[in-house]
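Asker: Below is the structure I would like to discuss, written out as structure tokens.
Each reported figure results from applying straightforward, stated rules to the coordinates on display, with no laboratory input. What you see is a predicted model, and the numbers here were worked out from it, not measured in a lab. With ideal geometry, Cβ positions are generated from the backbone for all residues, glycine too; neighbour counts draw on all protein chains shown.
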Amino acid sequence: MSEDIIELIKENVIQGRVNKDDEGIEVGVAGQPGVTELTEAALASGVKVSEIINEGLTASMEVVGQKFENEEYYIPDMLASAEAVGAAMELLKPHLAKSGVKPKGKILIATVKGDLHDIGKNIVSILLRGAGYLVKDLGHDVDTRDIVAAVREEQPDFLGLSALLTSTMVNMEDTIKALKENGLRDKVKIIIGGAPVSPEYAKSIGADGYGADGFHAVAVTEALSSDNSADG
Amino acid sequence: MPYVLEKRLPGPEEIEYKRMIRKGLEGGSYKPLTPEDISKINETVLRTIEEIGCVVNSDTALAALEKAGATVDKEKRRARLSTEKALELISQAPSEVTLCSRDQKNDIHLGGSRVYTGTGGTALYIYEPATGVKRQATLDDLKNIAGLVEELDNIHLFLLPTYPNELPLEQVDVNRFFAGLDNTTKHIMGGVYTTEGIRQVVRMAELVAGSPEALRERPIISIITCVISPFIIDAKYGDMVVAVAESGIPLVCPAEPLCGATSPVTLAGNLVVQTVDSLMGVMLAQAVNPGTPVIFGSVATSTDLRDYKYIAGSVEMGLLNAAGAQMAQFYKLPFYATGGMTDSKTLDAQSGYESAITNLLCALSGANFIHDSAGLMEFAMTACYEKYVIDNEILGMVMRAVEGIRVDDETLAYDLIKEVGPGGNFVTAKHTRRLMRKEHYQPTLSDRNSRENWEERGGKSTWENAAEKVKIILESRASVLPDTVRERVLSQLKGISV
């Protein structure tokens, strides 16, 4: 029973079906339960949360990643799958503590002040959720003071900053300075991204990491998470 | 468990994200001729058939035309047909001809302005881009190219593209058709070199189809003959037209007038000669066997006026064959067009642009079957494995252009636009995912990597990427004939080299 439903969750993540109304990539599957309904059903029938996450959600995202690598999947396919995982994680959130599953980490993400471009940042958010992180999106054109306040309040493990313009990317540096001034810089790992940004720039402004694209951003976050594992 | 599934979703390995294969789509958006132009060409064509006529060097052909009502001058071997008689014979030819594939998946329904593509020939040489060597083509090349075409989705028909130079003439026909039938399930079309060859090839196709009746019911082969421009039905080719028409196998009768050499230098004058000559073939086939499935055809092109070489990649060739499609539509005959070749000696920019422009003009005009559309270069004398892969990509793009732009509520997407609103994006919309693969041609070869990624992957040129695909396809090439059928063919027909 649990194997069956896990298998169905996996298949539906690969199909990118959040709920029963989604079409997926195959013809004729709309109307059948999607990841949301299946996750609810799995919880109701007592399947372990860790099993849902590890064997259902994480394993299927690996398949999706391979399909993307093989040029079989496009970004919208990848995002649909990540959204399905994100939706499942929302449902599982209340059960994490009592099931003894340690959350992967909390991430705040924002497009910095003066910059209205948010497609890239939104993609990164969806993919991070798909990877099992709890992501709070602060939006775009976010004032430096608001970012500092959010870091103080939310105490995230990571802060993601995005900018598309060379004229606004300097606000990433300002944000890091402001965090330092408020004694918050060491409480959070900062990862930056966006078209004009480079690894060299990330280093020069004192960020912890640089994500070249959505998938790279997830990989960098994962790498920094394991660095972090000692202090939890 | 609250959910019971009717059917399981396919597992990861079973899920296929098939690229759309476009074939048989309606063309006709490009019309180089106005209705008045068509009318003037038609009048000149009928006048030519009535007043000038055609020299017929084949006795059987001349007798058949005379019996069908042609005015024949026996001494000069000249046959003329009144407009009334000509139109009567033309109207006997079917407007729709189906060229069948063995698995039924690749059947080709010629007629109207539906567009299909296929290879063409007959090249004597093979160009190998890795070494820069041009060498004589062999039977193995024919087998390999058939194997390539089997896997290249945008090439819908296999027209036997090369000549096996190592074989004696009497073994050529039987070996060429067997190489095709043994390596691809797509329809096989080909020229023949002997009248005896026609008999053998038809017998072979009957064995593969299962019976003579099964072959007539679903013709898996068709045969090309030709009329010699201007206005000559050759002794040998005339006999062949008669033999093929008698066999009931679909027949192609193209003509190949060359501007300034075997036709007037003008495109309109060339169209008159091409139309007359191909119609002579159509009429002869109907005279022999009324209702014979016959395909009106054009190989019309320009010449190099410096030395009168045949030219395979001129824009005029594209114009002539697009106009030919309009004439075929006017006479309600299925059409065999020529496009997609190049005169380049290597796989360079010229090779790409000449192949693309001529294919595109033919396809947009609604030419039913574009022959030569893949693999040929250097005045159609040379075939190249890698060029089949490159042209497969060109043809995919060309067919997408033929498909045009669908405008309806779903594609206009007003509700979605409203939902997304100012400053939003369409990246995560279900609409995007539902239609992205259908609306946008998915390249099979073109490189769309960033410079960094392209360099990381070896910085390869188009032909190098094509060469990799050729290697992968040929590594898994295998006979597509059932063993019993294959053995039956090999035991009943002599001279087949395996």
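Asker: Extending each Cα 7 Å along its Cβ direction at B:V427 and B:V55, get the distance between those two points in nm, one decimal.
Answerer: 7.2
Asker: Given q = 0.20, 0.26 Å⁻¹, what are the Debye log10 I(q)/I(0) values for the range A:175-232, with equal point scatterers placed on the Cα positions and solvent ignored?
Answerer: Taken in order of the listed q values, log10 I(q)/I(0) reads -0.79, -1.10.
Asker: Bins of 5 Å, beginning at zero and ending with the bin holding the largest distance: percent of Cα pairs per bin for chain A, please.
Answerer: 1, 7, 15, 17, 18, 14, 12, 9, 5, 2, 0, 0
Asker: Whose amide H sits under 5 Å from the amide H of A:I192, counting only residues 5 or more places off or on another chain, with H placed in the peptide plane?
Answerer: Under 5 Å from the amide H of A:I192 lie the amide H atoms of A:L161, A:G209, A:Y210, A:G211, each far enough along the sequence or on another chain.
Asker: Would you calculate the separation in nanometres between label points at B:E36 and B:M20, each defined as 7 Å from the Cα along the Cα-to-beta-carbon direction?
Answerer: Using points 7 Å along Cα→Cβ, the separation is 3.8 nm.
Asker: What full-extension length gain, to one decimal in nm, is calculated for B:N453 and B:H109 as 0.36 nm per residue of separation minus the Cα-Cα distance?
Answerer: Working: separation 344, 0.36 × 344 = 123.84 nm, distance 4.26 nm.
That pair, B:N453 and B:H109, stretches by 119.6 nm at full extension.
Asker: To two decimal places, what compactness ratio does chain B give when its Cα radius of gyration is scaled by 2.2 N^0.38 Å? Write down the numbers at each step before the final one.
Answerer: Numbers: Rg = 23.9 Å, N = 498, 2.2 N^0.38 = 23.3 Å.
Working it through for chain B, the quotient is 1.02.
Asker: Here's a follow-up. Cα axis of helix B:315-331 to longest principal axis of chain B: angle in degrees, 0 to 90, nearest 10?
Answerer: 70
Asker: What value in Å³ per residue do you get for the convex hull of the alpha-carbon atoms in the range A:9-65? Working shown, then result.
Answerer: Details: hull volume 3.4 nm³, N = 57.
Looking at the range A:9-65, the number lands at 60 Å³ per residue.
Asker: Return the Rg/Rh ratio of the range A:2-99 with Cα-based radii and a Kirkwood Rh. Before the final figure, lay out the partial values.
Answerer: Working: Rg = 12.7 Å, Rh = 13.1 Å.
Here Rg/Rh amounts to 0.96.
Asker: Can you compute the helix-only [θ] at 222 nm over chain B? Use -39500 (n - 2.57) per DSSP H run of at least 4 residues, normalise by all residues, nearest 500 deg cm²/dmol.
Answerer: Numbers: 18 runs with 223 residues, N = 498.
About -14000 deg cm²/dmol.
Asker: Rounding to the nearest 10 and keeping the result within 0 to 90°, find how far the Cα-based axis of helix B:195-209 lies from the longest principal axis of chain B.
Answerer: Helix B:195-209 sits roughly 40 degrees off the main axis of chain B.
Asker: Starting from the Cα of B:E410, step 7 Å along the direction of its Cβ; do the same at B:T194; then give the gap between the two resulting points in nm.
Answerer: Placing both labels 7 Å beyond Cα along the Cβ direction yields 5.5 nm.
Asker: Let me ask you something else. Would you mind checking the tilt of helix B:235-247 against the longest principal axis of the Cα atoms of chain B, expressed as 0 to 90 degrees and rounded to 10?
Answerer: 60
Asker: Additional query: Looking at the range B:200-316, send over the antiparallel percent of its DSSP beta bridges, to the nearest 5.
Answerer: Working: 3 of 13 bridges.
Once the DSSP bridges in the range B:200-316 are tallied, antiparallel ones form about 25 percent.
Asker: Further question: Please list log₁₀ I(q)/I(0) at q = 0.10, 0.11 Å⁻¹ for the range A:106-231, using the Debye equation with identical point scatterers on the alpha-carbon positions.
Answerer: So the normalised log intensities work out to -0.24, -0.30.
Asker: Here's another thing I want to ask about it. Give me the percent of DSSP beta bridges within chain B that run antiparallel, rounded to the nearest 5.
Answerer: Numbers: 19 of 48 bridges.
Taking every DSSP beta bridge with both residues in chain B, the antiparallel ones total about 40 percent.
Asker: So what are the three principal axis dimensions of the range B:155-203 from its Cα atoms, in whole Å, longest to shortest?
Answerer: Largest first, the range B:155-203 extends 29, 23, 16 Å along its Cα principal axes.
Asker: Follow-up. Only Cα pairs within less than 10 Å get springs; with that Gaussian network setup on chain A, which residue of A:G28, A:G132, A:G206 has the largest fluctuation?
Answerer: Looking only at A:G28, A:G132, A:G206, the biggest GNM fluctuation is shown by A:G28.
Asker: Distance check, please: which entries in A:K180/A:K203; A:K67/B:K105; B:K105/B:K438; A:K102/A:K136; A:K10/A:K121 exceed 24 angstrom between their Cα atoms? Kindly include the intermediate steps, with their values, before the conclusion.
Answerer: Numbers: A:K180/A:K203 16 Å; A:K67/B:K105 27 Å; B:K105/B:K438 20 Å; A:K102/A:K136 18 Å; A:K10/A:K121 26 Å.
Those over the limit are A:K67/B:K105; A:K10/A:K121.
Asker: Ok, one more. Could you give log10 I(q)/I(0) at q = 0.05, 0.08 Å⁻¹ for the protein assembly as shown, computed by the Debye formula over C-alpha point scatterers of equal weight, without solvent?
Answerer: Relative scattering, expressed as log10 I(q)/I(0), comes to -0.36, -0.76.
Asker: Here's a follow-up. Tell me the volume per residue, in Å³, of the convex hull enclosing the alpha carbons of the range B:242-379. Walk me through the numbers on the way to the answer.
Answerer: Working: hull volume 13.9 nm³, N = 138.
With only Cα atoms used, the range B:242-379 gives 101 Å³ per residue.
Asker: In the range B:51-116, which trypsin sites (Lys or Arg not before Pro) fall in coil by DSSP and have 13 or fewer other Cβ atoms within 10 Å? Working shown, then result.
Answerer: Numbers: sites: B:K67, B:K74, B:K76, B:R77, B:R78, B:R80, B:K85, B:R102, B:K105, B:R114; in loops: B:K74, B:K76, B:R77, B:R102, B:K105.
When the trypsin sites (Lys or Arg not before Pro) of the range B:51-116 are filtered for loop state and at most 13 Cβ neighbours within 10 Å, B:K74, B:K76, B:K105 remain.
Asker: Follow-up question, since we're still on this one. For chain A, set up a GNM with springs between Cα atoms under 10 Å and report which of A:A59, A:A80, A:A88 has the largest fluctuation.
Answerer: A:A59
Asker: Does the range B:311-405 come out rounded, prolate or oblate, given a ≥ b ≥ c as the square roots of the eigenvalues of its C-alpha gyration tensor, rounded meaning a/c under 1.5 and, failing that, prolate meaning a/b above b/c? Don't skip to the answer; put the middle values down first.
Answerer: On the way: a/c = 2.12, a/b = 1.55, b/c = 1.37.
Note, shape of the range B:311-405 comes out prolate.
Asker: Under 19 Å from a point placed 7 Å out from the Cα of A:H216 along the Cα-to-Cβ direction: which residues of the range A:62-77 have their backbone N that close?
Answerer: Correct set: A:65-66, A:68-71, A:74-76.
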